[in-house]
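Colleague: Here you go, one structure.
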Amino acid sequence: PEYERLQFGSLRRPKPEQIKRGTGWFVMPAREEFEAIYQTSVRPAFRKNEIDVSDAVVAFDSESLLSDVAHYLRTIEVIVVEMTTLQPELMYVLGLCHAMGRCPILIVRKDEEVPFNLQALRCVEYEASREGMFELRENLARAIRTLLIASRAGS
């Protein structure tokens, strides 16, 4: 009970934290194919928008504390979630984003089904080819730029 109390207490009573401008976080399955997408497309799209990704971390796995995940969700400016596999831990992080009022950018491989209730969110599709990775880089960079303009105008 103590462990669960500490885990969920960090979500119910969040400490006041500021979003750190210029920070980004890519939430992806722990699989090699997605690491390649990160290096080829996501990281360059972040850099193109002057988003620092030097402190990349594994944010949510069986060893993670919810308080750490919640901290990242409260303080990272741009969150990108890879939705191709719809793995439970990714869906959980996405649910936390929404509960905390955050609006991540979703990326998904073309021809993969996005759950109907997520289709209204900003979603960038890509093809798993060399050309598709370069197209993803450009489209994601554009989506990040749009998100930054909108979020910074409101602050």
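Just so you know, all these numbers are worked out from the coordinates, no wet-lab data involved. What you see is a predicted model, and the numbers here were worked out from it, not measured in a lab. Backbone-built Cβ (ideal geometry, glycine too); neighbour counts: all protein chains shown.
Colleague: Sorted by average packing, counted as other Cβ atoms within 10 angstrom per residue and highest first, what order do 19-26, 110-117 take?
Modeller: 19-26, 110-117
Colleague: For the range 91-155, what is one quarter of the convex hull surface built on the Cα atoms, given in nm²?
Modeller: Mean shadow area of the hull around the Cα atoms is 5.0 nm².
Colleague: Please report the orientation-averaged projected area of the range 68-108, defined via the convex hull of its C-alpha atoms, in nm².
Modeller: 2.6
Colleague: For the range 21-155, take the convex hull of the Cα atoms, compute a quarter of its surface area, and give me that in nm², please.
Modeller: Approximately 7.8 nm², given one-decimal rounding.
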